[in-house]
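Trainee: One structure is given below, represented as structure tokens, and several questions about it will come after.
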Amino acid sequence: MGKNASPKPDNTTRTSSEAPFTTFIQLDGKSPVPSQFRTPGTFTITRLQSPAGLPDRITKLSPVPALLVSISLKSLPSSSYQVWTADKLISTSIVHPFRSNVIDFDSQPRCWAGSAFDYVHYSVPRKGLDDIAEDLGFGRVNDYRLAVLEDDLVVAQITKSILPFLGRSDHLSVLALDQFSLILGAHLLQQYGVLQNTARRSKGGLAPWQKRRASELLHENMHGRIRLSEIARECGLSVSHFARSFKTSFGASTHQWLIQHRIDHAKQLMSQTSMSLIDIAIQSGFNDQAAFTRTFHQLVGVSPGRWRRHYMTRHFRT
């Protein structure tokens with residue numbers, strides 16, 4: 001990485017310059033470490049590993065107003081960890097696994113880790129948080145509480161849920177990352193936002209025409225390359241309002257609905273055609289056969305090949 005490095009995305013199809021993405025950076029003992037680490041102006045998830053620590057502190061910068069959420073994946077001794085905000089050294093102790101920092105980028109956060117570390121960093125633009133706050137009835141949130149080494153069980157759990165996908169070939173789609181950013185954003189608002197208004201949440205679902213339009217768009221974009229904001233716009237709703245209304249109407253998030261739709265589509269192809277499993281995987285929106293097999297087994301309980309053999313045997317007997 002250069003002096004002013006930026007995270008590089010995984011091989012995720014980007015639908016626009018504002019699309020979220022993930023990246024996995026693994027330093028080694030000889031890797032040059034930048035003094036400034038610049039994030040893009042969009043929601044990003046960066047996993048950063050080092051077996052040797054940092055020679056000096058790093059300043060983290062964002063081109064837009066945003067929050068930096070950092071989660072340790074392994075322990076660090078207190079003597080090997082320091083954090084500064086607005087040039088002020090923050091008192092810290094031993095870093096335990098899955099402890100969280102929530103810091104506004106406006107304070108130009110700096111950090112130093114003198115021994116091996118493994119972190120997940122979320123860059124969460126304030127614009128997206130403002131949209132969620134408005135939809136939830138909180139009004140504008142002008143400030144967020146500083147948190148360092150916080151024992152936040154929600155952030156810990158959602159980080160554990162996304163870890164298996166960081167650096168993997170069957171990366172999360174932009175639709176899944178949009179949904180993830182809403183979940184994280186709503187928690188950050190309620191846990192760390194300095195709120196002035198009580199939430200007035202609408203509990204209604206989508207209108208019939210909105211359900212039809214959302215289903216059509218998801219069906220047409222089975223690979224998940226459509227943004228949540230695009231579907232919400234077609235339904236005349238904000239992203240946050242649409243996401244909640246969709247779940248009320250369908251009983252699942254857009255990403256969960258799409259995964260189930262892919263599996264149902266694959267079952268139809270396996271039962272009605274002689275297509276190979278790799279072709280069925282691609283036509284059903286999966287990146288490769290391995291990803292298809294893993295997801296199918298998780299949801300159905302058996303491999304696609306076994307399901308197909310069982311279906312054909314049962315169908316032949318009848």
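The values are calculated or read from the model by the stated rules, or taken from the named source; none is laboratory data. Computed from a predicted model, the values in this text were never measured in an experiment. We place every Cβ from the backbone using ideal geometry, glycine too, and count neighbours over all the protein chains shown. Heads up: the accessible areas ignore ligands, DNA and RNA and are worked out on the full protein's heavy atoms, side chains in. Shrake-Rupley method; radii C 1.70, N 1.55, O 1.52, S 1.80 Å.
Trainee: Can you sort 84, 209 by 1.4 Å-probe accessible area, starting with the largest?
Mentor: 209, 84
Trainee: Here's a follow-up. Determine the shape class of the range 266-318: with a ≥ b ≥ c the square roots of the Cα gyration tensor eigenvalues, call it rounded for a/c under 1.5, and otherwise prolate if a/b is greater than b/c, oblate otherwise.
Mentor: oblate
Trainee: Separate question: Pairs of alpha-carbon atoms within less than 8 angstrom and 6+ residues apart define the contacts here; what relative contact order does the range 166-311 have, in percent?
Mentor: The normalised contact order for the range 166-311 reaches 23 percent.
Trainee: When N counts the residues of the range 61-118, how does its alpha-carbon radius of gyration compare numerically with 2.2 N^0.38 Å, as a ratio?
Mentor: 1.12
Trainee: Once both labels are modelled 7 Å past Cα along the beta-carbon direction, what's the residue 157-residue 106 spacing in nm?
Mentor: The two pseudo-label positions are separated by 3.1 nm.
Trainee: Over the chain, what is the mean sequence separation of C-alpha contacts under 8 Å (at least six apart), divided by residue count, expressed as relative contact order in percent?
Mentor: Reported relative contact order: 15 percent.
Trainee: Still on this structure: Placing +1 at every Lys and Arg Cβ and -1 at every Asp and Glu Cβ, with all other atoms neutral, what dipole size does the range 79-134 have around its Cα centre, in debye to the nearest 20?
Mentor: 260
Trainee: Of 60/160; 74/247; 30/74; 88/160; 211/267, which sit over 28 Å apart, Cα to Cα?
Mentor: 74/247; 88/160
Trainee: Compute the accessible area per residue over the chain, keeping the other protein chains in place, probe 1.4 Å, unit Å².
Mentor: For the chain, the per-residue accessible area is 49 Å².
Trainee: Restricting to Cα atoms and excluding each atom paired with itself, what does the Kirkwood estimate give for the range 169-265 in Å?
Mentor: 14.2
Trainee: May I pose another question? Along Cα→Cβ, 7 Å out, is where each label goes; now give me the distance between the ones at residue 264 and residue 211 in nm to one decimal.
Mentor: Simple spin-label model gives 1.2 nm for this pair.
Trainee: Sorted by accessible area (1.4 Å probe), largest first, how do 21, 250 line up?
Mentor: Heavy-atom accessible area, descending, gives 250, 21.
Trainee: Assuming a ≥ b ≥ c are the square roots of the Cα gyration tensor eigenvalues, decide whether the chain counts as rounded (a/c under 1.5), prolate (otherwise, with a/b larger than b/c) or oblate.
Mentor: Verdict is oblate for the chain.
Trainee: Express in Å², to the nearest 10, the accessible area of residue 220 obtained by rolling a 1.4 Å probe over the protein heavy atoms while all chains stay in place.
Mentor: For residue 220, solvent-accessible area is about 120 Å².
Trainee: Got a number for the accessible area of residue 153? Probe 1.4 Å, square angstrom, nearest 10.
Mentor: The value for residue 153 is about 130 Å².
Trainee: Right, next: For residue 207, list long-range residues whose amide hydrogen, built 1.01 Å from N in the peptide plane, is under 5 Å from its own amide hydrogen.
Mentor: none
Trainee: Give me the angle, in degrees from 0 to 90, between the Cα long axis of helix 208-220 and the longest principal axis of the Cα atoms of the chain, rounded to the nearest 10.
Mentor: That helix lies at roughly 90 degrees to the long axis.
Trainee: State the Cα centre-to-centre distance between the range 78-92 and the range 158-188 in whole Å.
Mentor: Cα centroid of the range 78-92 versus Cα centroid of the range 158-188: 28 Å apart.
Trainee: Would you calculate, for the chain, the mean residue ellipticity at 222 nm contributed by helices, counting each DSSP H stretch of 4 or more residues as -39,500 (n - 2.57) and dividing by all residues, to the nearest 500?
Mentor: -12000 deg cm²/dmol
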